[in-house]
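The values are calculated or read from the model by the stated rules, or taken from the named source; none is laboratory data. Just so it is clear, the structure is predicted and the values come from calculations on it, not from any experiment. For neighbour counting, all protein chains shown are included, and Cβ atoms are generated from backbone atoms with ideal geometry for every residue, glycine included. Heavy atoms of the whole protein, side chains included, go into the accessibility calculation; ligands, DNA and RNA do not. Shrake-Rupley method; radii C 1.70, N 1.55, O 1.52, S 1.80 Å.
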Amino acid sequence: GTPVNFRLMPGKQCFSGPAYSFLSTSQLKTGWSLSLESLFYINENGLVCQEEWRDVPDFFGIYKASNLGRIKSLDRYVTSIKGVKRFFKGIMLKQTIGDKGYLQVGLCSVDLAYTIQTHLVISECFFEHKPTTKRNLVVDHKRNECRKNNSVFNLQIITGRENVNKDSRSKYTNF
């Protein structure tokens, strides 16, 4: 279900999810999902862990994705066609809900720009999974009702057949 707020340490807010909890010192001030500050979470063994960031393939030095499903741009200089160098401050990217109910994000570089579902970016960064029709492997949300939860804890790589079977079973078990 929805995260539950509770106090863990003085001055730190904790959000409890299905298998982990999030901690941040500035959640109440800035909103945890858009803060550039790395989050801390409590894993299934009760250990406090820090959010891990990895480069997004095809966008090295421009974007990083986290194991908690967030994507940020990095501070960088960009030279325009006219040769003017301009500084861009890194930001946490806002994610929007696409047609199928999955979160998506817009990524762009000098010669590449597109909108992609967030769970595909996370799977590429953390599972080294490149979507292809040849291998028939797909990225699956373990809990189908949590399509907006793109943390590595809620994602898995399975075959298309397994995904279809799982989806048909969940239609009858989720009331």
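Out of 130, 94, 72, 82, I need the residue that is part of a loop (DSSP other than H, G, I, E, B) and closer than 21 Å to residue 40 by Cα. Which one?
94
Screening the range 144-164 for residues that are open to solvent by 70 Å² or more (accessible area, probe 1.4 Å) and more than 24 Å from residue 64 (Cβ to Cβ) and picking the one that is modelled with the lowest pLDDT gives 145. Looking across the range 109-118, the residues that are surrounded by fewer than 12 Cβ atoms within 10 Å (Cβ to Cβ), outside any loop (DSSP other than H, G, I, E, B) and not β-branched (Val, Ile, Thr) come down to 113, 114. Scoring residue 94 on the criteria (1) modelled with pLDDT under 90; (2) under 16 Å from residue 74 (Cα atoms) leaves a single failure, condition (1). Just one of the listed residues (88, 40, 60) is aromatic (Phe, Trp, Tyr), open to solvent by less than 80 Å² (accessible area, probe 1.4 Å), without any contact (Cβ under 8 Å) to a residue 40 or more places away in the chain and farther than 21 Å from residue 153 by Cβ, and it is 88.
Of all the residues in the range 46-60, those that are assigned to a strand (DSSP E or B) and either within 11 Å of residue 71 (Cβ to Cβ) or among the charged types (D, E, K, R) (or both) number 3. For beta carbons closer than 6 Å, sequence separation of 6+ or different chains, a first residue in the range 95-107 that is on the phi > 0 side of the Ramachandran plot and a second that is open to solvent by 50 Å² or more (accessible area, probe 1.4 Å), the qualifying pairs are 101/147. For residue 53, the test of being at pLDDT below 55, under 23 Å from residue 147 (Cβ atoms) and in contact with a strand residue (DSSP E or B) (Cβ under 6 Å, 6 or more places away or on another chain) is failed. When the range 111-134 is filtered for residues that are out of contact with any His (no Cβ under 9 Å at 6 or more places or on another chain), of a type in the set (A, V, I, L, M) and at pLDDT 85 or above, the ones remaining, listed by number, are 113, 116, 121, 122. Determine whether residue 106 is within 28 Å of residue 131 (Cα to Cα), part of a loop (DSSP other than H, G, I, E, B), modelled with pLDDT of 80 or more and open to solvent by less than 50 Å² (accessible area, probe 1.4 Å). The answer is no for residue 106.
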